[in-house]
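The values are calculated or read from the model by the stated rules, or taken from the named source; none is laboratory data. Quantities reported herein were computed from a predicted structural model and do not represent experimental measurements. Quick reminder, even Gly has a Cβ in these numbers, built from the backbone with ideal geometry, and neighbours come from all protein chains shown. With ligands, DNA and RNA removed, areas are computed over all heavy atoms of the protein, side chains included. Shrake-Rupley method; radii C 1.70, N 1.55, O 1.52, S 1.80 Å.
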Amino acid sequence: MIVAVLWGAATIAFIAVKLIPGDPVAILAGGENVVDQAERAALVHQYGLDKPLALQYAHYIGKALSGDFGESYQYRQPVSEVIYEATGPTLQLAGSAIVLALVLAISVALATAGRRKGLTLLSSGVELILLSTPVYWIGIVLLTIFSFKLEWFPVTGNDGLSALVLPAIALSLPLAALLSQVLRDGLEEALSQPFSLTVRTRGVGETVLRVKHGLRHAALAASTLTGTLLAGTLGGSILTETVFGRSGIGQITLQAIKTRDMPLILGLVMLSALVFVIVNLLVDAFYLLIDPRLRRASL
């Protein structure tokens, strides 16, 4: 299935890139520079753009199998090097956002699940607002308050921990809102099960019941969602990195689409597909770790 997913992603991306309007030769020639027919023909031949689409596709798939995604039209560097240089800041941002989202979601879910109805309604309302708010708008609000007015954090850049705080918060809030809803529903269901009554009759406190027993049951559904959100943080990072002026995968993805940089786009799509596959494998392994019933069923 891993091979099928990666092959499917590469094929769909190849077709989509060919349908994007624009002239890649103009990018290869230096943007808006006018090239004569001889230079144009040389560039087309050099990058194999004069071959039939079927041969271009076969050549791309063959090179991709060996990890070679060609040379970026815009950066004039191997695609793997361009992506590698941009991966660090994005991993830093995505990792910080996911950790912060998990901490917020678990804290809110433990504090509100099975509590007074008013508290649950208030929490649900705030979560709905955060889920309905675009990431870039959250980022603009954070910049306006904490960068422009209070001047606590820098407006743009990647330098230092202070430059990471606001982008991580902006990216994490919608994720935390969604995870909190799923965790709270799972916790409330777990706390209503017969095993919870049995645990209570043994004298176990409510906090221990929620953290040790209820949260473990609620984590099954939440872990699936967490894996999907983690694999999909690339879309959020594009907006977040743009608003906060951060370099990373999001920025080069946006530039690659604008400039019709086909090798770079295809490399980024393959990276996203690979991350999605790896994260889902880790989620499956996490299921076995937290649910003994699945371990017994697999033996």
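Listed by chain and number, the lysines whose C-alpha is less than 22 Å from the C-alpha of Lys212, apart from same-chain residues fewer than 8 away, amount to an empty set. Across the chain, the relative contact order, built from alpha-carbon pairs under 8 Å that are at least six residues apart, equals 27 percent.
In this calculation the C-beta distance from Leu274 to Leu254 is compared with R0 = 22 Å, giving a FRET efficiency of 0.65.
Excluding same-chain neighbours fewer than eight residues apart, the lysines reachable from Lys18 by a Cα-Cα span under 25 Å are Lys51, Lys63, Lys258.
Expressed as an acute angle from 0 to 90° and rounded to the nearest 10, what is the orientation of the C-alpha long axis of helix 2-19 relative to the principal long axis of the chain? Once rounded, one gets 50 degrees. Of the trypsin sites (Lys or Arg not before Pro) found in region 57-119, those in coil by DSSP whose Cβ has at most 11 other Cβ atoms within 10 Å are Arg76, Arg116. Modelled label-to-label distance, Ala285 and Ala41, 7 Å Cα→beta-carbon offset: nm? Taking the simple label geometry, Ala285 and Ala41 are separated by 5.5 nm.
Take the Cα of Lys18, step 7 Å toward its Cβ, do the same at Asp50, and the gap between the two points is 1.9 nm.
In the chain, the longest principal axis of the Cα atoms and the axis of helix 233-243 are about 70 degrees apart. Where (i) 19.8, 62; (ii) 24.1, 100; (iii) 23.8, 86 are the candidate values, the label of the one calculated here for Rg and Dmax of the Cα atoms in Å is (iii).
Principal-axis analysis of the Cα atoms of the chain puts helix 262-290 at an angle of about 20° to the longest axis.
By definition, a body whose alpha carbon gyration tensor gives a ≥ b ≥ c is prolate when a/c is 1.5 or more and a/b is larger than b/c, and region 76-154 fits this prolate description.
The share of accessible area on the chain that comes from carbon and sulfur is 68 percent, using a 1.4 angstrom probe. Spin-label model, Gln77/Trp152: points 7 Å from Cα along the beta carbon direction are separated by 3.5 nm.
Using only the Cα atoms of region 122-254, build the gyration tensor, take square roots of its eigenvalues as a ≥ b ≥ c, and label the shape rounded, prolate or oblate: rounded if a/c is under 1.5, else prolate if a/b is larger than b/c, else oblate. Judged from the Cα gyration tensor, region 122-254 comes out prolate (a/c at least 1.5, a/b above b/c).
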